[in-house]
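I have placed the structure first, in the form of structure tokens, so that the comments after it can refer back to it.
The values are calculated or read from the model by the stated rules, or taken from the named source; none is laboratory data. Quantities reported herein were computed from a predicted structural model and do not represent experimental measurements. Quick reminder, even Gly has a Cβ in these numbers, built from the backbone with ideal geometry, and neighbours come from all protein chains shown. The area values use the complete protein model at the heavy-atom level, side chains included, leaving out ligands, DNA and RNA. Shrake-Rupley method; radii C 1.70, N 1.55, O 1.52, S 1.80 Å.
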Amino acid sequence: MKTGLVLEGGALRGLFTAGILDVMMENGVMLDAVVGVSAGAVFGCNFKSRQIGRTIRYNQKYRRNWRFGSFRSLLMTGDYYGADFCYRRIPEELDVFDAKTFRQTEMTFDIVCTDVETGEAVYHRCTDAMGEDLKWMRASASMPLASTPVEIGGRKYLDGGIADSIPLHYMEKLGFAHCIVILTQPLGFVKTPNKLLPLIRKVMKKYPRLIEALEMRHEKYNAVTKEMEEKEKNGQILVIRPKERLRIGATCRDPKEMQRVYELGCEAGKEYMERIKAFVGN
């Protein structure tokens, strides 16, 4: 039976996911399809390119570079995470992304973005995770207020988590009823309305459908996590999540905190490895 992989976002909480994926690669685990959102997309692409350790490496190495991520970058460019540095220099020059292996590895890799005009999720299939694909990745991880909308093909996009935080239904529509889901929040987590909504309404007022999607985001998130708990009990999906809140901020630049969250992911990967192999084998 074919197995899909669903990767939630969560900014630097995604280092937890990166740890799990690295352990999966160390154990030779291969799947048939991956869909990632936000950090799940930009970190998860290394699973298809089979680059163990790349995510934690470049996050720690460039954490102090203002072009990598800073309020200075936000003020100067409109993006907290510098578009040129993060989505060109790092993958092309500084910590080269293995596009050849990405192309050759036989699993599909899709990412989720939100169309700012419609407020609906848009799904893009990556071919090499370079060039045009990097625009989609950047869009998937571009949070309101911290980023300018990314224009691709005449449309503008932002964070995929706005419209589809956990794209399990998307994977099921592709025919993958058998899925592993990696979350970055613990069991029992309940998402609440975004505290920055009043400011977002003012700044993004020309995108009313986007605002509507943001207003509904917590309800959709909580509904899908509740549904997942039932599917998990029935053995339809395997869910890997942290045992407690990871408590790492989106703007954290402490390498020890990054390492802590990454190692929690590695521990979870090792703890779940036999279950992962059995689930994939089934």
- Assess whether Thr127 counts as being part of a loop (DSSP other than H, G, I, E, B), surrounded by fewer than 22 Cβ atoms within 10 Å (Cβ to Cβ) and at pLDDT 95 or above. yes
- Item | Residues of the stretch 75-98 classified as open to solvent by 50 Å² or more (accessible area, probe 1.4 Å) and either more than 21 Å from Gln60 (Cβ to Cβ) or in contact with a Pro (Cβ under 7 Å, 6 or more places away or on another chain) (or both), total | 3
- Query: Just one of the numbered conditions (1) open to solvent by 10 Å² or more (accessible area, probe 1.4 Å); (2) closer than 24 Å to Lys156 by Cβ; (3) of a type in the set (S, T, N, Q) is not true of Thr101; which one?
  - Reply: (2)
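Whether any residue in the stretch 28-44 is assigned to a loop (DSSP other than H, G, I, E, B), modelled with pLDDT of 95 or more and acidic (Asp, Glu) is what I want to check.
Within the stretch 28-44, the subset assigned to a loop (DSSP other than H, G, I, E, B) is 28-32, 38, 43-44.
Still in the running and modelled with pLDDT of 95 or more: 28-32, 38, 43-44.
When the remaining residues are screened for being acidic (Asp, Glu), the result is 32.
Yes, because at least one residue in the stretch 28-44 is assigned to a loop (DSSP other than H, G, I, E, B), modelled with pLDDT of 95 or more and acidic (Asp, Glu).
Looking at the structure I just gave you, is Ser165 part of a loop (DSSP other than H, G, I, E, B), open to solvent by less than 10 Å² (accessible area, probe 1.4 Å), at pLDDT 95 or above and out of contact with any His (no Cβ under 8 Å at 6 or more places or on another chain)?
Working: part of a loop (DSSP other than H, G, I, E, B): yes; open to solvent by less than 10 Å² (accessible area, probe 1.4 Å): no; at pLDDT 95 or above: yes; out of contact with any His (no Cβ under 8 Å at 6 or more places or on another chain): yes.
When the stated conditions are applied, Ser165 does not pass them.
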- Inspect the stretch 224-231 for any residue being closer than 23 Å to Met1 by Cα and open to solvent by less than 20 Å² (accessible area, probe 1.4 Å) and give the result as yes or no. yes
- Query: Taking the stretch 54-111, which residues are touching a Ser or Thr at 6+ places or on another chain (Cβ under 8 Å) and either basic (Lys, Arg) or in a loop (DSSP other than H, G, I, E, B) (or both)?
  - Reply: Trp66, Arg67, Gly69, Gly78, Asp79, Tyr80, Tyr81, Gly82, Phe97, Asp98, Arg103, Thr105
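What do you reckon, is Val42 open to solvent by 10 Å² or more (accessible area, probe 1.4 Å), touching a residue at least 40 places away in the same chain (Cβ under 8 Å) and not small (Gly, Ala, Ser)? Please lay out each step first, then the result.
On the way: open to solvent by 10 Å² or more (accessible area, probe 1.4 Å): yes; touching a residue at least 40 places away in the same chain (Cβ under 8 Å): yes; not small (Gly, Ala, Ser): yes.
For Val42, the condition - open to solvent by 10 Å² or more (accessible area, probe 1.4 Å), touching a residue at least 40 places away in the same chain (Cβ under 8 Å) and not small (Gly, Ala, Ser) - is met.
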- Message: open to solvent by less than 10 Å² (accessible area, probe 1.4 Å), more than 15 Å from Lys2 (Cα to Cα) and among the hydrophobic types (A, V, I, L, M, F, W, C): is that true of Ile200 in this structure?
- Response: yes
- Note on the structure: The number of residues in the stretch 175-188 that are within 18 Å of the chain's Cα centre (by Cα) and either of a type in the set (Val, Ile, Thr) or under 18 Å from Gly10 (Cβ atoms) (or both) is 7
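In the stretch 190-217, which residue that is outside any helix (DSSP H, G or I) and in contact with a helix residue (DSSP H, G or I) (Cβ under 8 Å, 6 or more places away or on another chain) is farthest from Met228 (Cα to Cα)? Full working, then the answer.
Applying the first criterion (outside any helix (DSSP H, G or I)) to the stretch 190-217 yields 190-196, 204-207.
Add one more test, that the residue is in contact with a helix residue (DSSP H, G or I) (Cβ under 8 Å, 6 or more places away or on another chain), and what stays is 190-194, 204-205.
Values: Val190: 13, Lys191: 15, Thr192: 18, Pro193: 21, Asn194: 22, Met204: 32, Lys205: 33 Å.
Top of the filtered list is Lys205.
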- Message: What are the pairs with Cβ atoms under 9 angstrom where one residue, in the stretch 256-282, is within 11 Å of Ile240 (Cβ to Cβ) and the other, located anywhere, is open to solvent by 20 Å² or more (accessible area, probe 1.4 Å) and of a type in the set (Asp, Glu)? Sequence gap at least six, or different chains.
- Response: Gly269/Glu26
